[in-house]
């Protein structure tokens, strides 16, 4: 493998990269401390203000978002980056996009980067879509003539032709993604960095994005770095994958093996889950209501057999009395693809403070396997105008176990899927 890689052109190299954040602080707390740390870095010495025990992730008031990353990415590779929330995926992409600098280590980038880290990154809301295309092209060092030559392709791909001269602050999140992806895909850059770009947008556009990224890597020789929680899109796009866990790379290699490593590391079954630290910033929809804890009732471990219902107690904190609240639960498989969804009827009333809501989820049709639940609390408005109040993307996990009531054959999810359809009924033999 190393001999084969020797003849390949390096696109990105990370050597001993660490990124440390000081919790609840800006800078080091004092000008003297910041100057001491800066001077130590300049001289290549140990930072006198760094606390011992940096092999740990959280030490005192310091948090190691990345804790020693060594990675070489070659030109024309489509590299998948997977890991649980807080593993360091987005931090790595921000370092590569030069949004922030590493605390330690070196990053060598050979080529221009077009990145899309979240919806609307790099766009000025007051400027029109067309003006933002020019601005992004200029940032990459392109001339107006070069951007003009690409403009028609960008507009056509983005599907927002009718609104290209409208200020982007008036765009929906889907329109933002379409134009932002189109800009990143068509402007002259050797490296494309994409963070959950397919989380918003319709299915047809998602397929078009995947096809475009595949074309960029395979035909145009561009390097694609792609972060996603959707393992199916990782499979479709990537030819290599790394798994991040607690700021370190725990696997680098084959895509299917990487997915298996990720699923195994994520497979934890507990009767109770603390939810307050499980949200990403984009999930913070309102401060009026929060899921704080979830508990599987009557179980030491949440393992269920064929027709056994899943009884759950939700702890929800509300800042005021709230009526007409409903709960939505999405069930995901091991690869984090959504299998199905169930909602409660509207009309849950919550008092100010902590509330305990018991719910029952019917999982009779689910095949034996490992499942993850996404929680949404929403306020039911008039004329169907629902408002999401809180979202926890990977709230908890449970398992459906094989039993004599299933089928005599051991269920293989890879071949047969996640749903067990009713037994076939013979209605005639003619």
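Read the figures in this text as sums done on the coordinates, not as results from a lab. Owing to the predicted nature of the structure, the values given are computational and were not obtained by experimental measurement. Glycine gets a Cβ as well: all are built from the backbone with ideal geometry, and neighbour counts include every protein chain shown.
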Discussion item. Quick check: residue separation of residue 300 and residue 15 times 0.36 nm, minus the Cα distance between them. What number comes out in nm?
Written reply: 98.2 nm
Worksheet item: By count of other Cβ within 10 Å, fewest leading, how are 228, 15 ordered?
Response: 15, 228
Worksheet item: How would you rank 154, 164, going from fewest to most other Cβ atoms within 10 Å of each one's own Cβ?
Response: 164, 154
Item to complete: Could you order peptides 84-92, 308-316 by the average number of other Cβ atoms within 10 Å of their residues, highest first?
Response: 84-92, 308-316
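Could you line up 66, 35 from fewest to most neighbouring Cβ atoms inside 10 Å?
Numbers: 66 26, 35 11.
Fewest-to-most Cβ neighbours within 10 Å comes out as 35, 66.
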Discussion item. Sequence gap at least 6, Cα distance under 8 Å: using those rules, report the relative contact order of region 272-415 to the nearest whole percent.
Written reply: 29 percent
